[in-house]
Amino acid sequence: MTTEKLGLEAIQAAYHKKASGLTSRIIICAGTGCVANGSLKVYDALCAAIAAAGLELTVELKEESGGTHVSRSGCQGFCQMGPLVTILPHSILYTKVQPGDVPEIVEETLRAGRVVERLLYENPAGGRRCRGTDDIPFYTRQHRYVLKKCGIIDPEDIAEYIAGGGYAAARKAVLDMTGEQLCLEMLDAGLRGRGGGGFPTGMKWDMARKQPEGKKYIICNGDEGDPGAFMDRSVMEGNPHSVIEGMIIAGRAIGADEGYIYVRAEYPLAVRRMRKALEDARSLGILGDAVFRSQLSFNLQVMEGAGAFVCGEETAMIASIQGSRGMPMPKPPFPVQSGLWGRPTVINNVETLASVPLIIAGGAAAFRSMGTKNSPGTKTFAVTGHVANTGLIEVPFGTTLREIIFDIAGGVTADDETIRNDAFKAVQIGGPSGGCLTEKDLDLPLDFDNLQFAGAMVGSGGLVVMNSGTCMVGIARFFMQFTQNESCGKCVLCREGTRQMLDLLDDIIEGRADSSTLGLLKDLGRCVKKGSLCGLGKTAPNPVLSTLAKFPDEYMAHVEQKYCPTGRCRALVKFRILPEYCKGCMLCKKKCPVGAITGEKGAPHEINLATCIKCGVCIEVCRLKAITGA
Amino acid sequence: MDKESIRKFEYIFEIVERNGRSPARLIPILQAVQEQYRYLPEEVLTLVATALGLSPAKVFGVATFYSHFTLTPKGKYLIRICDGTACHVKRSDGLLAALREKLRLRDGSATTPDMLFTLETVSCLGACGLAPAMVVNDEVHGQLTPEKAVALIDELLRKEDENDN
C-alpha cells in the first residue's frame, strides 16, 4: 500500500493545460427545464454552426484543444428564461435561445465579439437589457454557495470538478482528519439539515460515530418529494460530484464504508448523472477499496425510488432500500442507532451533503459568516407560482420574503402574466408539511426558527407564491389530497383522518358545509398530528390549519354564504353578466353549450342560473370581461 | 409451455441473477421487469417471488405500494400531467380536462381502448420553473396551455398514422 497522495493536483494541472488553448467557452444549460425548452437542439446547432463557419470547435477537452469549447451544464436556476446560453470570457448570458438564433451568435459574438442585444434578458421593471449574470437582478441579489458551480461546470466531467478544487476536501478528511474532528467542524459551522428538519448535522454524525465499531451506512436522501421543490434535483444533475464528496466526508466522520444515494424515480436525468459520477470517481480511486490510496474503503450505489412520497422519511427510506414497502417505523431507535440492516446509519439530504465539502474546504468560520446565528449558511429555494422569474435561487438565511419575491423573483404576476405586485396574496412554504405566510410576514427574516414561529417551515425549500386569484381553501384541499394519497396507511389517524379531512374540505368547496364543519376540521387536524408516527402524518394538517388561521374570512364565506371570493370553486360560482360592460355581442350566447344565456344583439345578456352548468366557457370567450364568477 | 413463455421466464431469471438473487434487490428487479414488459404481469410477480424465496404476498405488497409499478398494461404513450403545487396554481387541472376530453377518457379510465395513450397525473416532476408541465414518455413539455397540450396529442396521432402507412 503506497502512502503517496492521489494526484488531484496532476489532474488539475492537466485540465488547466488543456483549457489554456481555448479562446472562448459556450455553456448551454442542460437542466430539466432548459432541455424541455429545446436546449439540446441549441447545443447541436451551435456545434454544427461553429464548425460550418470554419471556426475551431472543441467538444471534448484534449491536448492541443483550441477555439471555442462548447459544453453542457446543469440547471442555472433561471428556468423561466431558458434555454440559457452563457458565453465566456465575454460573460454574456443569452436567454430563450432557439436553434434559429445560433448563426447570429456565431457570426456576431464569436467572430466579431459583439453582443446580440435581442437575446439579452430584459428587466421587466424598466426595460433595461442585462448583459450577464453580474447585472441581472435575479442573480446579483442571490448568494450562490452550494449552487455556485451548478450551471457552470460540466456535470459529466470529473476533471473539471477536480480542476475547480473538487475532492481536495474529501482527501483532507480521509487522510488528515479524524472522525471526531470532522464532527466538531460541522458542529462549529452549525450546519443544519436542509431536508426540512433542521437537525444539526454535526450532532447526527457524532451520534453515529459514537456507536460501537462495525458496519455503518451513510444514505443520501435524494427522494425530493415535496411538490414545488427541485433544488436537490438541480444539485444532483448539476454538480453530482459535490454530493459524492460530501458522502465520503460523512462516511469518514462516522466510520461508514458503504452508502446509498436514494434518488426519486421522477428524476431520470439525476439518476443517470449520479451513476456516471460514481463510475468516474471509482475509476480515479476516489471511491472503492483504497480511497485516496488509504487503507479505507468506501463504496456507493444509486438506488432509484419507485414513487412513494413517504420514502423521504428516514425509516421508510431504509425499509425501501431493504426491498420492502416504504413504511415508517417508530423512533427510537433512531437510524443513527439502528438503521439500515439494523446498523448505525446517517441519512443526510442532498443539499446538506453538497455543503459539507465547502465547509471543510473553507472552514467553519467562513460558513458562519453567512446566514443568521441559529441558522448559518445559505438555503436554496425553488420559487414558483405567480412570480415573474420562477426558478431556483440561493440566499443566506435571514433574507426576507420581500427580497426574494419582489427583488429576485421579479414580483408577483396576475393571471394574465403581467407584473402586479398588489396582487400578492400569500406564499406557501414547506410544501405539504408547511404553511402559508401573508403580507404581514413579508419582512420576516427567513430561518428555521422564525419560520416555525410564524407557523410555516423551511421544509425542503419550496416557495410557491400565490396571487389574489388563488382560493386558499382550494390550496388547502390540494395539499390534503396529496397527503391523503401519499399516506402509507400504517397509522389509522393518518390514513382515515386525512381522508375525512379531505371530505370535509370537499364539503366546504362544494357548498355542503355547515356551522360544525370548521370546528370538526380543526379538531381532526390536531388529532392527525398527534396520532401519526412519522413526519408525513404529523405535518399533513399544517396547510389546512395554517390557512384556517390566516384566512378565516375566506373559509367563512365558503361555509356561510356558499360563496368563493376568488370564483375558483366551481360548485359555488354564480355566473353573472355585468350589464355595464356587456355590449350584447352574442359570442357567449353562441358558445354556451346548454343555451343558458339569453338576450338580444346589442343589449346586455343574462344567464339563467337554473340551466347554467358552470362550465366557464362564457368567461373565456368574453372579450370585454363582462362576465364574472365571483 | 410455449416458446414465448419460456423466453419470458428466461429473461426474468436473468434479471434476478444480475441482482444476485437478493431479496433486498426486489425493487430494482421489479423496475427492470417493468421496463421490459411496461407493466408487471401477475404470473411474473409469482415467478419473481419464487426465485427470491419470498412469499407472493410480499412481492405483491411491494408492487402495489409504489406508484411507479403498475399491474395493468399501459398505453404506448404514457402522458403524465404534473399536479405539483406550482403546476396546480398555474391551472394544470385545465390540461387534464382538455386531454381527458381529447382522448375521450370517461368513467375514470386512464388508457385509451387502442392502447395508444395512458393519461395520469403525477405529484411533482421537479420542473416547477416550467409550470404547468407534462411528460410524454420521457420528454418534458413545459409552459403548456390546454391548446398546446392537445396539439401535442395531434402530432403524436399524426406520427402514428404515418407509421401505419
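Computed values, structure above
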{"quantity": "Euclidean distance between Cα centres, the stretch A:478-541 to the stretch A:77-148, Å", "calculated": "46"}
{"quantity": "Contour minus Cα-Cα distance for A:VAL116 and A:ASP415 (0.36 nm per residue)", "calculated": "104.5 nm"}
{"quantity": "Per-residue SASA entry for A:SER468, accessible area with 1.4 Å probe, Å² rounded to 10", "calculated": "70"}
{"quantity": "Calculated SAXS-style log₁₀ I(q)/I(0) at q = 0.21, 0.25 Å⁻¹ - the stretch A:31-109, Debye, Cα scatterers", "calculated": "-0.98, -1.31"}
{"quantity": "Cleavage-rule hits, trypsin sites (Lys or Arg not before Pro), the stretch A:8-74, DSSP coil, Cβ neighbours within 10 Å at most 16", "calculated": "A:LYS62"}
{"quantity": "Volume per residue that the Cα convex hull of the stretch B:77-164 spans, once the total is divided by residue count, Å³", "calculated": "84"}
{"quantity": "Anchor B:LYS58: lysines whose Cα lies under 21 Å away (excluding residues fewer than 8 positions away in-chain)", "calculated": "A:LYS490"}
{"quantity": "For the stretch A:158-368, convex hull of alpha carbons as volume per residue, Å³", "calculated": "111"}
{"quantity": "Two-decimal Rg/Rh across the stretch A:573-628, once Rg and the Kirkwood Rh are taken from alpha-carbon atoms", "calculated": "0.89"}
{"quantity": "Size descriptor, Kirkwood hydrodynamic radius, that averages inverse alpha-carbon separations across the stretch A:436-505, Å", "calculated": "14.0"}
{"quantity": "Over 31 Å (Cα to Cα) - which of A:LYS614/B:LYS90; A:LYS440/A:LYS538; A:LYS589/B:LYS90; A:LYS96/A:LYS172 fall in this group", "calculated": "A:LYS96/A:LYS172"}
{"quantity": "Gyration tensor (alpha-carbon) shape descriptor, the stretch A:507-564, a/c threshold 1.5", "calculated": "prolate"}
{"quantity": "Residues A:LYS601 and A:LYS373, FRET efficiency given R0 of 41 Å [Cβ-Cβ distance, rounded to 0.05]", "calculated": "0.05"}
{"quantity": "Long-range tail of P(r) for the stretch A:378-470 (Cα pairs > 22 Å, %)", "calculated": "16"}
{"quantity": "A:ASP422 accessible area, assembled protein chains, probe 1.4 Å, Å²", "calculated": "120"}
{"quantity": "Under 19 Å from A:LYS583, Cα to Cα: aspartates and glutamates that are on another chain or at least 8 residues apart", "calculated": "A:GLU600, A:GLU606, A:GLU620"}
{"quantity": "Distance in nm between pseudo-label sites at A:ASN485 and B:ILE6 (7 Å out along the Cβ direction from Cα)", "calculated": "4.5"}
{"quantity": "Cα point-scatterer Debye curve for the protein assembly as shown, base-10 log of I(q)/I(0) at q = 0.10 Å⁻¹", "calculated": "-1.14"}
{"quantity": "Accessible area that becomes buried as A packs against B, both chains, 1.4 Å probe, Å², nearest 100", "calculated": "3300"}
{"quantity": "Whole-number accessible area per residue in Å² for the protein assembly as shown, which is evaluated in the context of all protein chains at 1.4 Å", "calculated": "41"}
{"quantity": "Heavy-atom SASA rank of A:GLU266, B:GLU43, A:GLU60, B:GLU120 (probe 1.4 Å, accessible area, largest first)", "calculated": "A:GLU60, B:GLU43, B:GLU120, A:GLU266"}
{"quantity": "Loop-located GluC sites (Glu not before Pro) in the stretch A:67-119 whose Cβ has at most 10 other Cβ within 10 Å (DSSP)", "calculated": "none"}
{"quantity": "Beta bridges per DSSP with both ends in the protein assembly as shown, % antiparallel, nearest 5", "calculated": "55"}
{"quantity": "Partners for A:LYS562 among aspartates and glutamates (Cα-Cα distance below 16 Å; same-chain residues under 8 apart left out)", "calculated": "A:ASP506, A:ASP507, A:GLU510, A:ASP514, A:ASP553, A:GLU554"}
{"quantity": "Distance (nanometres) between label positions extended 7 Å along Cα→Cβ at B:GLU162 and B:ARG38", "calculated": "2.0"}
{"quantity": "Percent carbon-and-sulfur accessible area, the protein assembly as shown, ignoring ligands, DNA and RNA, probe 1.4 Å", "calculated": "52"}
{"quantity": "Net lengthening on full extension, A:LYS591/A:ALA52 (0.36 nm per residue, minus Cα-Cα)", "calculated": "188.7 nm"}
{"quantity": "Stokes-Einstein translational diffusion, the stretch A:53-157 - Kirkwood Rh over all Cα pairs, 0.692 mPa s, 37 °C, in µm²/s", "calculated": "220"}
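The values are calculated or read from the model by the stated rules, or taken from the named source; none is laboratory data. Note that the structure is predicted; figures quoted are calculated from it, not measured. Neighbour counts run over all protein chains shown; Cβ positions are idealised from the backbone, glycine included. Quick note on the areas: whole protein, heavy atoms, side chains included, nothing else; ligands and nucleic acids left out. Shrake-Rupley method; radii C 1.70, N 1.55, O 1.52, S 1.80 Å.
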